[in-house]
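Here's the structure, in C-alpha cells; my notes come after.
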Amino acid sequence: MVLFTDGWSAAKARYDSHQRYDQRALLAGIVKGDSRLDGETPAADFRKLLAMAKTAPQGPIYVELTAEAVRAAVEETDATVPANENAPANAEAIDDARALLNAAKHPVIIVGLEARRTDVVRALEAPCVSRADLIVFVGFDPVELIGKPWQYTSKVLDLGPVGYESHYVTPHAACRGDLAAGLSALAAPATPSAWTRAEISRLKADMTERLAAYGDTREGLSPVDVIKTVQEIARPFKPPRSTTCARSLPTQ
C-alpha cells in the first residue's frame with residue numbers, strides 16, 4: 001500500500017502553522033519507509049520505496065507531496081515497477097529442511113499471512129510439505145499466535161521470507177527466502193507420510209466440534225457460521241480447498 005498526503009513546502013512552513021504537524025514522524029512507526037520525492041531523482045526514489053514495500057515482510061510506504069514537488073519536471077524515463085525482492089533460500093537451508101521432511105511421519109502444517117500469494121498457494125498444492133511429523137510453518141508470522149508460551153514438543157521447520165527476533169519457538173531448521181521458490185525446491189519425491197485420509201478426516205471433524213463448543217453466545221454470525229459458510233462455497237472447487245477460521249491461533 002502507498003499512502004499519499006499533501007505537505008508543507010519549506011517556504012510555506014516558515015510562516016504557516018495552521019494544522020501543521022510532522023506527518024512523517026506520526027506515521028514512522030507503521031510504515032516501512034517514506035519520502036517527499038523532492039530530490040534530484042524522484043522517480044528512482046519512488047521505485048526504491050516500491051521495492052521496499054514489496055520486500056518481505058511486505059508493508060506500507062508513505063509519500064508526502066508538496067505543491068512544488070508535484071509541479072517539478074521529471075526527466076527520468078525508467079518507469080519499471082520492481083519485482084518481489086526476496087531471493088530463494090540457500091542450498092544448505094533447503095537440504096536441512098528436506099532432511100526434516102524426509103524423516104517425518106505425521107504432517108502438521110501451519111500456513112500464515114506471508115503465504116497469501118498465488119505462486120505460494122500453487123507450490124503448497126505440490127506434495128513437498130505433505131510428509132512431516134513436525135510442525136511446518138509456511139509464511140507464518142508470530143503475531144498470529146495468542147500470547148502464551150509454546151507448549152508443543154514436536155520439531156519445527158520454519159519456511160518464510162524473513163526471521164523474527166521475538167518468536168514463540170526456535171525452529172530446528174529454517175529456510176529464509178522467497179516462499180514459492182523454497183517450496184518448489186522441496187518438492188522432490190520423499191518418504192510419504194503415515195497419515196491416512198480417515199485420520200485426517202477425524203482430526204478435522206474434531207477441530208470443528210471443538211470450535212463449535214467454544215461457547216460463543218453472541219447474536220449474529222459466529223466463527224463456526226463463518227467456517228460452515230466458507231466450506232459450502234469452497235466445496236465445488238477442484239481440487240477442494242481446505243478452510244479454517246480462528247480469532248487467533250492458540251499455542252496450547
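For a footprinting-style exposure proxy, rank MET52, MET207 by other Cβ within 10 Å, fewest first.
MET207, MET52
Convert each backbone phi in the range 148-160 into a coupling constant with the Karplus relation 6.51 cos²θ - 1.76 cosθ + 1.60 (shift: θ = phi - 60°), then list the ³J(HN,Hα) values in order as whole Hz, x for Gly and Pro.
Values per residue, Gly and Pro as x: 10, x, 6, 10, 7, 9, 5, 5, 10, 10, 10, 9, x Hz.
What does the highest-first list of 197-203, 159-165 look like by mean Cβ count within 10 Å?
For the peptides 197-203, 159-165, the packing ranking is 159-165, 197-203.
Could you compute the net charge surrounding PHE4? Neighbours are other residues with a C-beta less than 12 Å from the C-beta of PHE4; K and R count +1, D and E count -1.
-2
Give LYS32/LYS155; LYS54/LYS228; LYS148/LYS204; LYS12/LYS32 a once-over and call out the pairs whose C-alpha atoms are over 30 Å from each other.
Going by Cα-Cα distance, LYS32/LYS155; LYS54/LYS228 fall outside the 30 Å limit.
Can you put PHE46, PHE137 in order, fewest other beta carbons within 10 Å first?
The order, fewest Cβ neighbours first, is PHE46, PHE137.
If we sort 91-100, 228-237, 177-186 on the protection proxy, mean other Cβ atoms within 10 Å, highest first, what's the order?
Ranking, from highest mean packing down: 177-186, 91-100, 228-237.
A short reminder: the numbers here are calculations on the coordinates, not readings from a lab. Treat the numbers as computed from the prediction; the structure is a model and nothing was measured. Ideal geometry is used to build each Cβ from the backbone, glycine not excepted, and the neighbour counts take in all protein chains shown.
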